[in-house]
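Bear in mind that the values in this text are calculations on the coordinates, not laboratory data. Nothing here was measured: the structure is a model prediction, and the numbers come from that model. In this analysis, Cβ positions are derived from the backbone assuming ideal geometry, glycine residues included, and neighbour counts consider all displayed protein chains.
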Amino acid sequence: MIQQRANMDWMLKDLVDSVPQTRHVVVLSSDGLRMAQYGTDTDTADRLAAACAGLQSLAGAVATEFPHGDGRMRLVVIEMGGGFFYLMAAGARAYLAVLADEGVDAGLMGQRMRDLVARIGEHLSTPPRNGEVA
């Protein structure tokens, strides 16, 4: 488990290093628990993870309005004063969240996030909790 966590930390660092103006990277479970982080302190990562759980739930509710879709959230991007927020589905019941400054290359960020999810997606999955449907 420690080796796996170290590998994930290195990969999260790679995202930060490869996309200039990236501030924080957090991996979270669907119920808002922080699984990994890079570039931020634990308290900030925990707050972001909790907020992301609500956002992914809201995005999933909106996704059900598409009659031929699968009702699942894949990517949310929010532009706000000072920068961008990205939330991407990353494995079963896991998500990748990134905060970046205004000058970030949005296309590069999306590409690097998809690459990261593809490389470590199985490590980002969380098992269902008791009573949770898979």
> What strands (runs of 3 or more DSSP E) lie completely within the stretch 18-118 and have 1 or more residues being over 17 Å from Met8 (Cβ atoms) and not basic (Lys, Arg)?
Replying inline: 75-80, 83-89, 94-101
>> Let me confirm something: among Asp70, Asp14, which residue is within 24 Å of Arg119 (Cα to Cα) and loosely packed, with under 11 Cβ neighbours inside 10 Å?
In response: Asp70
